[in-house]
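The values are calculated or read from the model by the stated rules, or taken from the named source; none is laboratory data. Worth saying up front: this structure is predicted, and the values here are computed from it rather than measured. No Cβ is skipped: glycine too gets one built from the backbone with ideal geometry, and neighbour counts run over all protein chains shown.
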Amino acid sequence: MYSKNAFRLVLVALSLSFLSIQSSTEAQLVPEHRGGPHRGRLIEGLALSDAQRSEIDNLMAANRENLRPLREQLQQQRSALREAIENQPFDEALVRFQAQEIAKVQTELLVARAHLMNQLLSILTEEQKAKLSELRQQRRERFKEWREWRGKKFEQEQG
């Protein structure tokens, strides 16, 4: 029997492996991001100057190139974890190892994203930062409402 901690670690690793670490910062600030139908709303609401847009574009381009090896490594680690999970007989040590490897790469990506966000914020004026904060809060509220709606819809479908 596997320990509760091992089971939790596997669940966490699986959960994290399905999250996209693709820089959501791009979706928040840069309209050219392939992020979906609402991708440019935050940047449009900030009234960026041409110089700010150019600087942000340059930062995002550099970020994409610098993080590509980490993203590729993360894909490889996720694939290795899936294989480890499917192996028979189950090898807990291998699954733990792969989960830890994923966590290391995700940590590097998250630190890089935080660094990028810090650089992007340094480009904005105080008014733009305040507006960005307001827009993010509105987005969080809409997402919360959507989750509540989706949860109710799921309950109706199940009930």
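Of the residues that make up the stretch 55-77, is at least one touching a Gly at 6+ places or on another chain (Cβ under 9 Å), closer than 21 Å to Met117 by Cα and either at pLDDT 90 or above or assigned to a helix (DSSP H, G or I) (or both)?
no
Against the condition in a helix (DSSP H, G or I) and within 18 Å of Arg71 (Cβ to Cβ), how does Ala112 come out, does it pass?
Yes, satisfied.
Output the qualifying pairs, or none if there are none: Cβ atoms under 7 angstrom, residues six or more apart or on different chains, first residue in the stretch 83-105 and assigned by TED's automatic domain parsing to the domain that holds Gln73, second residue assigned to a loop (DSSP other than H, G, I, E, B) and surrounded by 13 or more Cβ atoms within 10 Å (Cβ to Cβ).
Matching pairs, first to second residue: Ala84/Asp91.
Against the conditions (1) within 25 Å of Ser54 (Cα to Cα); (2) in the same structural domain as Glu55 (by TED's automatic domain parsing), where does Ala80 fall short? Just the number, please.
(1)
Return the total of residues in the stretch 71-107 being surrounded by 15 or more Cβ atoms within 10 Å (Cβ to Cβ) and within 28 Å of Leu132 (Cα to Cα).
Adding up the residues that qualify gives 2.
Take Ala80 and decide whether it is within 30 Å of Leu46 (Cα to Cα), part of a helix (DSSP H, G or I) and over 18 Å from the mean Cα position of the chain (by Cα).
The answer is no for Ala80.
Within the bounds of the stretch 126-133, is there any residue that is on the phi < 0 side of the Ramachandran plot, polar (S, T, N, Q) and either touching a residue at least 12 places away in the same chain (Cβ under 8 Å) or assigned to a helix (DSSP H, G or I) (or both)?
Scanning the stretch 126-133, I find at least one residue that is on the phi < 0 side of the Ramachandran plot, polar (S, T, N, Q) and either touching a residue at least 12 places away in the same chain (Cβ under 8 Å) or assigned to a helix (DSSP H, G or I) (or both), so the answer is yes.
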